[in-house]
Amino acid sequence: MDANALRRAFTQYFVEQGHTAVPSAGLIPHHPRAPLFTNAGMNQFIPYFLGEERPPFTRATSVQKCVRVRGKHDDIDLIGRTTRHLTFFEMLGNFSFGDYFKELAIPLAWELLTDRFGLDGERLWVTVYKQDDEAEQIWRDSVGLTPERIQRMDEDNFWEMGETGPCGPSSEIYYDRGPEWGPDGGPAGGGEERFVEIWNLVFMQYDRQADGTLVPLPKPNIDTGAGLERILTILQDVPAVWDTDVLRPIIAHAERLTGRSYGEDAEVDVSLRILGDHSRSMTFLIGDGVFPSNEDRGYVLRRLIRRAVRQAYSLGVEKPVTPVLVAACIEVMGEAYPDLVRQADFITGVVAREESHFRATLRSGLAMLDSELARTRLVSGEVAFRLHDTYGFPIELTREIAEERGATVDEAAFDAAMAHQRERSKQSGRKAVGGGSGDEYRRILKDAGPTTFVGYTDNSAVATVVAVVEEDGKDTVEVFLDATPFYAEGGGQVGDTGTIETDTGRARVVDTTYALPGLIRHRSRLEGGHISVGQTATATIELERRAGIRRNHTGTHLLHWALRRVLGDHVKQQGSLVAPDRLRFDFTHYGPMSPEEIARVEDLVNGAILADDDVVVTVMSKAAADASGAIAFFEDKYGDQVRTVRAGSESFELCGGTHVARLGQIGPVEIVSEGSIGSNLRRIEATTGTETLRRLRQTEHQLSEAAALLRAHSDELTPALEKKLSELREVELRLRKSEQAALSERAQSLVAQAANGTLVARVDGLAPDQLRELGGQALQIGQLATVVLGGSPDGEKVSIVAFVRKGASPTAPELVGPAARIVGGGGGGKNPEQAMAGGRDATRLDEALDHVREALR
């Protein structure tokens, strides 16, 4: 059975058992309690397990792409050195949300493995939590597993999301690969390479409280995860995951690139496996919207790419390797993940540029590290920082190379150097704003249900107040309604403002956000009276503000389409702000946009607006939207039913925001700025409608004022300005010549004061550069050996210059340095023939020059 057949068989089996097949989520999770990358099948279901959202199904199954490189599940250092560890892998899973529990989860897993996949039941072992008698009984009595192949474990068989929240025991299924792979003893005491975990069944049956107590959940859940690559190893009867059909073809490409054969040498094999594994991670991460950078997810991607490049370099490969490996990965994985095929050129381009940048400094960086390791077993923090900052070595790469040589890195000193260089953001998620607690919001959601949003069609609505929560500060409250026309901040669009009125009070809504998914919070300031639960309220949004937001949101869609048309399909939204007065759009792109590209984007957008096509909003299934070509975004989460917005004939996106009815309502669009916000990330700011007209009038007014100052008409501004600048240059040239002549005369006068080839004099009223030029002229005109001039341009600051013929003594710095210290300054440099210094005390300038004269005697 190959990988594609295994994916199909697993999914089909659980669909037959009443499960809904759910597509793999992206590798960038969106829940605040999720890890940096999606690392398990359950990540996309966290809101269901936490009770924050109501699941649209009670049973689900998925084949989830996963990356594990950081935190508790940091597998990167094990890659290539075991038969089973990977940074990118696929997790097969089945899930129950308050439906079935252990009594069905365990038999389903056993039936699939033994009946459908044909695994020998005599080679399967299981572990259960030490106190989970129920699971052991089901394995023994319902499945028929012999007691000696059921082992009890401690915390390894107890799953928890965090210090509080859903948790419960688990049962892991292991496959015995035979005595040639290690000692007997089962999973608890046998060889790790012999007893390989292939499936973990998690029984979420408790809610851990803050004091540590476990409260049974009213509806327990099931979360299981089976490693596709590990199961393939068994089904294909191969020694390791590296020999399966999802990895061996990629390693074969690595063999051809390096000229080394897999199996010829243990360390060469490790390098080839790393190339195979990391190529999959980098391919999928870039495909899901991650770009190499020095922060967060981008840093991990950069680390993987550069680690792979360094492995190839250690095998003697000088030419680029990552584009070939990415192409091989897409060839292997493209049938299961067709989006990789569509993005092949883009993904290849990203890795090629990143590898090129790193290879430019790799040789020099390794030479520096080799030099350090030749003299010490402790790489200093300064060297590690220079390798990171100058040569692009992630600290993990430096540590890895050092450990290969039996050395360590002073990481405390490295961290101190990094902290000194720049302040790094430690914020991994947005903090909730408001006065309520999570438990209070969950109670409101449970009692009142989700808020009904009517703002797509209504600007005002009559609703019932379901909760009022006081915030910190006088007369500031959070009002919750059963229905609202107020749009809650989301998808880049800011929340609405407006008013909420009841018979007893009026509140000014200053912001609208989600307290929890589905629960809309109106952050309000009481303007009179009070608002109470149960009252009938009239909620009204600010119409003019909403109109500006609608223009900018639909304008953002057109801008995204035009950017992809002009720059290429690699352009992906990375963030946005849709405000009433402007829009901001962050997107992936390699470098600055040219003025011509910006103009083409503006022309495309405004051309579409002039066409005045309808904006059509349709709700359809996610599958239908995908099939129709709707664009979705990595940071957003979508359910089975999605809202699509077709803005004209070209733009088609998934979006929950508010939009204009026709494109002509947007008005003129102007791109105000375009710039970098990070590695491979660009930001555009733009205006629409009345704001663009306001800017246009402001610009016209400024041009008219400038033309009036030049005594010209506005349409003659450029030639009038060019004429004025030409006249100014002529005046500056004449002034410069006059100053040169004056300085020359002054130099002649000063030379007359020289004695014995030496001139020391005070000359006030000149800028430092004029004083330096005067000294140089005096040296040349008088054929002098030494010239020292001091002066003050303003009666306070001091400048001292010295010119000395080659070979003369004292040197220029030796004359200027001590004199400068007398006037409260310093300087002088290292040039023996010319020096300049400054000071702050003009009252001691004569004393300083006397010191110079004494030194020359």
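Residues of the chain: accessible area per residue at 1.4 Å, in Å²?
Per-residue accessible area for the chain comes out at 45 Å².
Out of the chymotrypsin sites (Phe, Trp or Tyr not before Pro) in region 441-545, which ones are loop residues according to DSSP with at most 13 other C-beta atoms within 10 Å? If you can, show how the numbers build up before the last one.
Numbers: sites: Tyr441, Phe453, Tyr456, Phe480, Phe486, Tyr487, Tyr514; in loops: Tyr456, Phe486, Tyr487.
Listed in order of number, the matching sites are Tyr456.
Averaging sequence separations of C-alpha pairs under 8 Å and six or more residues apart, then dividing by the length of region 304-414, give the relative contact order as a whole percent.
24 percent
Can you give the Rg and Dmax of region 26-97 based on its C-alpha atoms, in angstrom?
13.5, 43
Of the accessible area of the chain, with the probe set at 1.4 angstrom, what percent is carbon plus sulfur?
Numbers: 18610 of 38930 Å².
Summing carbon and sulfur atoms, their accessible area is 48 percent of the total for the chain.
For a quick check of understanding: with a 1.4 angstrom probe and all protein chains in place, what accessible area in square angstrom does Cys655 have, to the nearest ten?
20 Å²
Quick check: pseudo-label points 7 Å beyond the Cα along Cα→Cβ at Gln641 and Ser356, how many nm apart are they?
4.9 nm
List the GluC sites (Glu not before Pro) within region 696-746 that DSSP assigns to loop and that have no more than 14 neighbouring Cβ atoms inside 10 Å.
When the GluC sites (Glu not before Pro) of region 696-746 are filtered for loop state and at most 14 Cβ neighbours within 10 Å, nothing remains.
Relative contact order for the chain: what percent, with Cα pairs under 8 Å and sequence separation of 6 or more?
6 percent
Where does each of Lys797, Lys65, Lys724, Lys102 land when they are ordered by accessible area, with a 1.4 Å probe and the largest first?
Working: Lys797 130, Lys65 25, Lys724 100, Lys102 0 Å².
The ordering from most to least exposed comes out as Lys797, Lys724, Lys65, Lys102.
If you find the alpha carbon centre of region 587-617 and of region 778-812, how far apart are they in angstrom?
Comparing the Cα centres of region 587-617 and region 778-812, I get a distance of 61 Å.
Could you work out the relative contact order of region 591-674, using alpha carbon pairs under 8 angstrom and six or more residues apart, expressed as a whole percent?
The normalised contact order for region 591-674 reaches 39 percent.
Any chance you could check the Cα centroid distance between region 691-758 and region 205-221 for me, in angstrom?
Region 691-758 and region 205-221 have Cα centres separated by 78 Å.
The values are calculated or read from the model by the stated rules, or taken from the named source; none is laboratory data. Bear in mind the structure is a predicted one, so any value in this text is a computation, not a measurement. Positions of Cβ are generated from backbone atoms using ideal geometry, with glycine treated the same way; all protein chains shown enter the neighbour counts. Protein only, heavy atoms only, side chains kept; ligands, DNA and RNA dropped before computing areas. Shrake-Rupley method; radii C 1.70, N 1.55, O 1.52, S 1.80 Å.
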